[in-house]
Structures are given as structure tokens and as C-alpha cells.
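S.K.: Shown below is the structure under consideration.
The values are calculated or read from the model by the stated rules, or taken from the named source; none is laboratory data. A quick note: this is a predicted structure, and the numbers were derived from the prediction, not measured. Reconstructed Cβ throughout: ideal geometry from the backbone, glycine too, with neighbour counts over all protein chains shown.
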Amino acid sequence: MLPRATPAPLDDAPPNGAVVFVTDFGTTDTYAAQMIGALLRTDPHAQAVAGYHAVPPQDVLAGAEVLAELVAAFPPGTTFVTVVDPGVGTERAILAATAGGMFHVAPDNGLLAPLLAADPAAEVVRLPQAGSPSRTFHGRDLMTPAAGRLTRGEPLRMLGEPTAEWVKLDRPTPERRPDGAVVGQILRADRFGNLLTNVSRRDCPAPARATLAGHTLPVGGSYADAVAGEPLALVGSNGRWEIAVRNGSAAAVLNAAAGDAVTFLPTSQN
């Protein structure tokens, strides 16, 4: 059994032992479970959390959005291993970081960029990649063991070379038109077919209605505000606007998908 080191004061909270996995692996193969095995080999005391394995394959933007949602849900000191890695086997770097009171390990392809940009005190290192058993599964062979070293209390600086450079992410941002309307974008559909947007309540506090794919949608406070089978716009549990269909799939009913524009119209417009 491996001893725990005393965590270095890298952030307000030391690693709490929980490791949350965010991947595009799905659940029909053994890849996600292999990462848990790699974690427990490195730190038998770590607590593996199957955060989310349904990121669309190779969709780095969706992975970054899912990671941001989960970071907001977990306590300080949680470690996240995020693997959406279309560049595996290339010269792309692997990062370990502290940001916003959390610890992260991920490929350097933009997954961590929003979180790092939001924390001026973020610390980042590049992991060495020499000696990996596989060129196709760095999530298991390099990233997860690095997370286990963090939960054991090893200082971040022991994992790699410090860096102030990382790949940025081209994230769509809402646009406010001169007439007061806010134009956003569908980021993804969840399992229920709800269409999640990049428009927050702060971006658009109280629209009168929304338009999407040629449809005009009423605004409600909950799914129950719509008639069964009818669409509406509402603020979801993550604080962002979404398009839903009561007892149905907005993605199917409206024939809409990630990348589609959605417009929120102010009360003054008819």
C-alpha cells in the first residue's frame, strides 16, 4: 500500500482524493474501467468518480463545456481527468494544472483553456510522455497515473515542467444585436433531447420569446409550463438557456442540433 505524502499548498484546497473522469469513451467498451484501474494502481485510496463518458467523439468544445459544468458541482480539491483526445499519438502536450481550487489532467487541445483563463493564479505543467506503454491510450497510461500522484499528495511541480502556454479554445460567444436581441448557439443536446445553449441568464435575463430553426418559442420557468409535446425556452439547472419539449425531444421535434443559432427576443419586440 502506497503512503500518502503531505500535499503541498498549491491552492486553497489540497487534493481531496476524488478523481472525476470526463471522456468521449462511451460505456460499451472497457476503456473507462481501465482508467479506474490505472488510478487505483497509482493510489489505492483514491475515489474514482464516473463523471461523464458521453462526450461526442473528438468534440473538444463539448468536452470543455461538460467539464465546466462538473467543476461547478464538485467540492474544492477534486481532481478531474478529461480525455477527449483526437491528437493522441501526435506531438500534442499533456497538461496537469490547478485552477479555481481544482486539479486537472488533460491533453493540451483546449479542454482546459476556459478554466485556466478564468483563474489568473492557475498553475500548469507539461507532463513528460517518454516511456508510455501505448501511443493510443495516454488517458490510461499517462494522464490517470498523474492524477493518482496528485491525490497521493505529490506537488504539481514534480509532475512536469512549468508552462505559461497552452492551446486556446475557440468558443462561440453570444452576440447582442442593436435591437436588444441576443443571438446564441446550440452547444449540444442532452439525453432527453433538450438543446443546451451558450446563453446564460446573465446574458439574457428576461426574454419574451426565442426563435430556433424557423420556430417561435414561448419562454417558461419549468418544463411543466408547456403543453405536452410543445417546445419552450427556459433556464436550465446550469444557469443557461435551453430549448425543451415537454415529454419529448426538442432536438427531434425542431430538427435542431449543435451549431444552430438561437435568438432570444426582448419583451419590447413584437
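S.K.: For Ser132, work out the one condition from (1) modelled with pLDDT of 95 or more; (2) more than 15 Å from Thr79 (Cβ to Cβ) it doesn't fulfil.
M.R.: The failed condition is (1).
S.K.: If the requirement is being closer than 17 Å to Thr136 by Cβ and either assigned by TED's automatic domain parsing to the domain that holds Ile186 or more than 11 Å from the chain's Cα centre (by Cα) (or both), which of these qualifies: Gln58, Gln47?
M.R.: Of the residues listed, the single one that is closer than 17 Å to Thr136 by Cβ and either assigned by TED's automatic domain parsing to the domain that holds Ile186 or more than 11 Å from the chain's Cα centre (by Cα) (or both) is Gln58.
S.K.: Let me ask something additional. In the stretch 198-213, what count of residues is obtained for those that are assigned to a strand (DSSP E or B), over 18 Å from the mean Cα position of the chain (by Cα) and crowded, with 17+ Cβ neighbours inside 10 Å?
M.R.: 2
S.K.: Can you go through Asp179, Asp170 and tell me which one is more than 24 Å from the chain's Cα centre (by Cα) and not assigned by TED's automatic domain parsing to the domain that holds Leu40?
M.R.: Asp179
S.K.: Now, a different point. I'd like to know if the stretch 190-197 contains one or more residues that are in a loop (DSSP other than H, G, I, E, B), free of Cβ contacts under 8 Å to residues at least 24 places away in the same chain and closer than 15 Å to Val262 by Cα.
M.R.: No, because not a single residue in the stretch 190-197 is in a loop (DSSP other than H, G, I, E, B), free of Cβ contacts under 8 Å to residues at least 24 places away in the same chain and closer than 15 Å to Val262 by Cα.
S.K.: Would it be correct to say that Ala99 is surrounded by 18 or more Cβ atoms within 10 Å (Cβ to Cβ), within 26 Å of Val167 (Cα to Cα) and out of contact with any Lys or Arg (no Cβ under 6 Å at 6 or more places or on another chain)?
M.R.: For Ala99, the condition - surrounded by 18 or more Cβ atoms within 10 Å (Cβ to Cβ), within 26 Å of Val167 (Cα to Cα) and out of contact with any Lys or Arg (no Cβ under 6 Å at 6 or more places or on another chain) - is met.
S.K.: Select from the stretch 140-183 the residues that are small (Gly, Ala, Ser) and part of a helix (DSSP H, G or I) and write down the one among them that is farthest from Val105 (Cα to Cα).
M.R.: Selected residue: Gly148.
S.K.: Is it the case that Ser249 is modelled with pLDDT under 95 and not basic (Lys, Arg)?
M.R.: So Ser249 does not fit the description; no.
S.K.: Let me confirm something: among Ala252, Ala208, which residue is of a type outside the set (Phe, Trp, Tyr) and touching a Gly at 6+ places or on another chain (Cβ under 7 Å)?
M.R.: The match here is Ala252.
S.K.: If Pro231 satisfies all but one of (1) closer than 30 Å to Glu123 by Cβ; (2) crowded, with 21+ Cβ neighbours inside 10 Å, what's the number of the condition it fails?
M.R.: Checking Pro231 against (1) closer than 30 Å to Glu123 by Cβ; (2) crowded, with 21+ Cβ neighbours inside 10 Å, the one that fails is (1).
S.K.: Would you mind stating whether Val124 is touching a residue at least 60 places away in the same chain (Cβ under 8 Å) and aliphatic (A, V, I, L, M)?
M.R.: When the stated conditions are applied, Val124 does not pass them.
S.K.: So, one more: Look through the stretch 234-270, keep the residues that are in a loop (DSSP other than H, G, I, E, B) and aliphatic (A, V, I, L, M), and return whichever of them is surrounded by the fewest Cβ atoms within 10 Å (Cβ to Cβ).
M.R.: The selected residue is Ala257.
S.K.: Here is a further query. Among the residues of the stretch 221-233, what is the count of those that are free of Cβ contacts under 8 Å to residues at least 24 places away in the same chain and assigned to a loop (DSSP other than H, G, I, E, B)?
M.R.: 6
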